[in-house]
1. Neighbouring Cβ atoms within 10 Å as the yardstick, rank His100, His87 fewest first.
2. Quick check: from the Cα gyration tensor, does segment 101-197 come out rounded (a/c under 1.5), prolate or oblate?
3. For segment 51-66, take each phi angle, set θ = phi - 60°, evaluate the Karplus expression 6.51 cos²θ - 1.76 cosθ + 1.60, and give the result in whole Hz per residue in order, putting x for glycine and proline.
4. If you average the alpha carbon positions of segment 101-136 and of segment 141-176, how far apart do those two centres end up, in angstrom?
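Just so it is clear, none of the values below were taken in a lab; they were calculated from the coordinates. As the structure is a computational prediction, the values presented were derived from the model and not from experiment. Cβ atoms come from the backbone with ideal geometry, glycine included; neighbour counts cover every protein chain shown.
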Amino acid sequence: MSSEQTNSPLPLGEGLGERAYGAVTPSPSPSQGEGNDESGPAPITRDAIVAAARSFLGVPFRHQGVDPETGLDCRGLLIAVARKLGHEPRHEHRMNYKRHPDPAEFRAALESELEEIAVSDADDGDVVLVRALKQKPEEATHAGILASGRYERMIIHATDSDRQVLEEPYRPGHVRLAVAAFRFPGVTVDGRRSTVA
């Protein structure tokens with residue numbers, strides 16, 4: 001494994017850089033396979049991201065939770081998905097916010113760990129940052145993972161109001177509240193691998 005592979009960041013959600021979550025150390029998992037070249041970790045498929053997220057459906061909501069055994073919040077869901085894909089955070093997870101994290105730190109963490117894309121380009125396995133109905137765009141502090149449902153686009157997220165990780169339709173109301181979208185590094189899109197600059 002090259003040194004590039006051991007320093008590749010993955011999404012860690014709400015917080016800012018290593019102070020809150022740190023980067024993660026990828027390790028190949030059966031769902032990813034071994035990388036055969038020195039260009040970085042093996043590609044991550046959209047299906048693998050969605051399957052990992054769906055494996056946590058029904059896990060209880062827990063404020064600041066990062067362990068599926070005890071509960072997850074939206075940031076914890078992103079961490080759990082990264083772990084399920086074989087990527088382990090290198091640093092202790094520290095997040096000591098009250099009701100909501102600092103919006104600027106939340107977004108900065110997503111920007112530092114993921115590749116930002118246009119909201120209109122978000123697809124299965126991508127992360128969307130959404131605001132609450134009465135929040136300004138710069139106040140957004142909630143994230144979820146997009147997926148395809150049988151008949152419509154879905155979002156997988158951990159919500160305080162529903163007290164669990166759930167998958168629900170990503171309807172026009174959600175879309176209007178999306179302020180940014182991000183892609184996991186290593187996702188293959190149109191034959192090329194996504195990277196974090």
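1. Numbers: His100 16, His87 28.
In order of increasing Cβ crowding within 10 Å: His100, His87.
2. Working: a/c = 1.78, a/b = 1.15, b/c = 1.55.
In terms of gyration-tensor shape, oblate.
3. In residue order, the calculated couplings are 4, 4, 4, 5, 5, 9, 4, x, 5, x, 6, 9, 3, 6, x, 10 Hz.
4. When both Cα centres are located, 14 Å separates them.
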